[in-house]
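Step one of this worksheet: look at the structure below.
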Amino acid sequence: MFSVSLSKPYKRDFRTAKPKPGLPQFHTDKYFVFAIVALLLFGLVMVSSASMAISERLYHSPFHFLMRQLVYVVLGVCAGLYVLRIPVERWQAKSGLLLLIGLFLLLVVLVPGLGRHINGSTRWVGVGPVNLQVSEFVKLAMVIFMAGYLTRRNHELKTTMVGFLKPIFILGIIAVLLLKEPDFGALSVVAVTVLCMMFIAGMRVWPFAVLAALIVAALAVIAISSPYRLERLTTYLNPWAHAYGSGYQLTQSLIAFGRGGIFGVGLGGSVQKLFYLPEAHTDFLFSVLAEELGLIGIVATMLLYVLLVWRSLLIGRRAQAAGLNEGALMAYGFAIWMAIQAAVNMGVTSGLLPTKGLTLPLMSYGGSGIVIDCIVMGMLLRIDHEAFQEGPMAEHRMAKQR
């Protein structure tokens, strides 16, 4: 169980601190970096393949979406490298402000004329030719804020009802605003991530069990209270009964999985991406991957995400051992977020879960998602670096290298 010491809170100014002699100036987890680079490059290849037909039809260039995605990846990598230079302590100092900005943007997106309505939802704020998906920033802000809150109020969380009702109140505000868009997928990710972070931080079992049951019940009620969500659920149970209606997207996705078999039809050989499968380069990129690369490609992709999440959890564990409690909770939160989003996307495209508008982290087409994902990766690398420098074996390593 995660434990936070309140008697001697960890605090250090990394802006003025000098690297310890004998220690490398920056430490990186090579397996974690490999997973990041592999997913980004693999995503570029699959976005290029999945978007060629629609790109040619809309923009008379088969590589229009690929070039935009390449720009997003470059921007994301630059943002991640910049974040790498910022101490975790500074993010925590601004965590409340980040959350307020996120709430403000959720309000802005609902203002007529400011929010952009796409595919039945108003989830984006238009900035010139670019659409910013607000929920991606809210996920990031919520994880950072909760990491700080659960560390500072750890005793209150463990001993009083108020301690865990405060974050639930904030989660409730976010839930109302996200449902107005509507974005049930983002709400599910945020809710489960926050709940898991509270459990890791040491929340008592019985309040956690009650809270988990209430959140699951609330999500279930929300899912069946809206006609279009209820239609998605009934379609999910038997998509072939609605193959040319509400179940069209799911059945086309299942056809893609079926055509792929074990070895796939070959890169670029997908038929479903030829205007049969909607959103082939965004939410249903995994379906095209399954068709073109088969079970081999599916397993390889899943292993990359397992590696990414596993190393993220190890970063959290190293930070916890080094006394970086806020950084540890941030790492755990980011790992849970990535795991949930990847698992839900794969589950949706394969027909295991009802259709939700969640993309594959680091792979699917989209500027907001790619940039925020890269920022998260940069923060994880920063946490790992600080844990390495402040770990209990730092002095031993320094003496040994001398």
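Structure remark: mean-square fluctuation, Gaussian network model of the chain, C-alpha springs under 10 Å; the largest value among Pro239, Pro129, Pro354 belongs to Pro129. For the chain, the Cβ-based charge dipole about the Cα centre amounts to some 1240 debye (Lys, Arg positive; Asp, Glu negative; other atoms uncharged).
Could you please report the charge total around Phe257, scoring K, R as +1 and D, E as -1 over all other residues with beta-carbon less than 12 angstrom from its beta-carbon? Can you show the working numbers first?
Values: positive: Arg259; negative: Glu291, Glu292.
So the environment of Phe257 carries a net charge of -1.
By other beta-carbon atoms within 10 Å, ranking Ser364, Ser225 with the fewest at the front produces Ser225, Ser364.
The length gained on full extension between Leu313 and Asn238, counted as 0.36 nm times the residue separation minus their Cα-Cα distance, comes to 23.3 nm. Among Leu308, Leu177, Leu214, the order by Cβ neighbours within 10 angstrom, fewest to most, reads Leu214, Leu177, Leu308.
Once the chymotrypsin sites (Phe, Trp or Tyr not before Pro) in DSSP loops with at most 16 neighbouring Cβ atoms within 10 Å are cut out of the chain, the longest remaining piece is 64-243. Between His64 and Phe275, the FRET efficiency from the beta-carbon distance, with R0 = 22 Å, is close to 0.90.
The long axis of helix 134-152 is offset from the longest Cα principal axis of the chain by roughly 30 degrees. Note on the chain: with a GNM built from Cα contacts shorter than 10 Å, the maximum mean-square fluctuation among Ile174, Ile222, Ile36 falls on Ile222.
Magnitude of the Cβ-charge dipole of region 274-402, K/R +1 and D/E -1, about the Cα centre, nearest 20 debye? Can you show the working numbers first?
Values: 8 positive and 10 negative charges, 112 e Å.
Using Cβ point charges on Lys, Arg, Asp and Glu, region 274-402 gives about 540 debye.
Taking Rh as the Kirkwood radius, which is the inverse of the mean 1/r over Cα pairs, what is the Rg/Rh value for the chain? Don't skip to the end; give the middle numbers.
Values: Rg = 21.8 Å, Rh = 22.2 Å.
With Rg and the Kirkwood Rh in hand, the quotient comes to 0.98.
At an R0 of 25 angstrom, the distance between the Cβ atoms of Leu165 and Leu219 translates into a FRET efficiency of 0.85.
Is region 267-402 best put as rounded, prolate or oblate by its Cα gyration tensor, with a ≥ b ≥ c the root eigenvalues, rounded for a/c under 1.5, and otherwise prolate when a/b is larger than b/c, oblate when not? Because a/c hits 1.5 or more and a/b exceeds b/c, region 267-402 counts as prolate.
Neighbour counts of C-beta atoms inside 10 Å place Thr122, Thr234 in the sequence Thr234, Thr122, starting with the fewest. Within the same chain, aspartates and glutamates fewer than 8 places from Lys273 are excluded, and of the rest, those with a Cα less than 20 Å from its Cα are Glu56, Asp283, Glu291, Glu292.
Computed from Cα atoms, the angle from the helix 248-260 axis to the main principal axis of the chain rounds to 80 degrees.
Please state the shape class of region 28-84: rounded when a/c is under 1.5, otherwise prolate if a/b exceeds b/c and oblate if not, all from the C-alpha gyration tensor. Cα axes put region 28-84 in the oblate bin. If I take R0 = 60 Å and measure r between the Cβ atoms of His117 and His27 in this structure, what FRET efficiency does the formula 1/(1 + (r/R0)^6) give, to the nearest 0.05? Result of the calculation: an efficiency of 0.85. Restriction of the trypsin sites (Lys or Arg not before Pro) in region 79-174 to DSSP coil positions whose beta-carbon has at most 12 other beta-carbons within 10 angstrom yields Arg85. Residues in region 155-167 carry Karplus couplings, in order, of 5, 5, 4, 7, 10, 10, 5, 4, x, 9, 6, 4, x Hz; the curve used is 6.51 cos²θ - 1.76 cosθ + 1.60 with θ = phi - 60°, and Gly or Pro positions show x. Could you work out how far helix 285-321 tilts from the main Cα principal axis of the chain, as a 0 to 90 degree angle to the nearest 10? Approximately 10 degrees, to the nearest 10.
A short reminder: the numbers here are calculations on the coordinates, not readings from a lab. Given the structure is predicted, the values throughout are model-derived calculations rather than measurements. All Cβ positions, even for glycine, are placed from backbone atoms using ideal geometry, and neighbour counts span all protein chains on display.
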